[in-house]
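Single-structure report; data block below.
Every number here is computed from the coordinates shown, using simple stated rules; none is lab data. Here the structure is a predicted model, which means the values were calculated and not measured. Cβ atoms come from the backbone with ideal geometry, glycine included; neighbour counts cover every protein chain shown.
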Amino acid sequence: MSSKLTIGTVNVAPGEKAYGGIETNTSVFGEKEIIPIIVVRGKKDGPILWLNGATHGDEPEGPYSIFMALDDIDPESLAGTVVAVPVMNV
């Protein structure tokens, strides 16, 4: 695993954690709507885990849990990739 992974505005190399967004559309006010995304890429190849939160807007547990879990993940010792979208309900 040597090349960077690109998802939306996130460009992440092996052993890194990066933050960015995925542009979804334009609002009625002409503003870009962007879904936040966090990618943790391990040093070694492995599976890809997708995490998403706030599927329902009144459930704060999902985003909070994602941020807590990502704080505990060390990209240097991870095998695989974690793609996290803390807020899906836009």
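Among the residues of region 44-73, which ones are touching a strand residue (DSSP E or B) at 6+ places or on another chain (Cβ under 7 Å) and among the β-branched types (Val, Ile, Thr)? Scanning region 44-73 gives ILE48, ILE66, ILE73.
When restricted to residues that are closer than 15 Å to VAL87 by Cβ, aliphatic (A, V, I, L, M) and out of contact with any helix residue (DSSP H, G or I) (no Cβ under 7 Å at 6 or more places or on another chain), region 16-38 contains 4. Of the residues that sit in region 36-50 and are surrounded by 18 or more Cβ atoms within 10 Å (Cβ to Cβ) and hydrophobic (A, V, I, L, M, F, W, C), which one is farthest from ALA18 (Cα to Cα)? Ranking the qualifying residues of region 36-50, first place goes to ILE37. Here ILE66 meets the list (1) without any contact (Cβ under 8 Å) to a residue 60 or more places away in the chain; (2) in contact with a Leu (Cβ under 8 Å, 6 or more places away or on another chain); (3) in a strand (DSSP E or B); (4) surrounded by 15 or more Cβ atoms within 10 Å (Cβ to Cβ) almost entirely, failing just condition (3).
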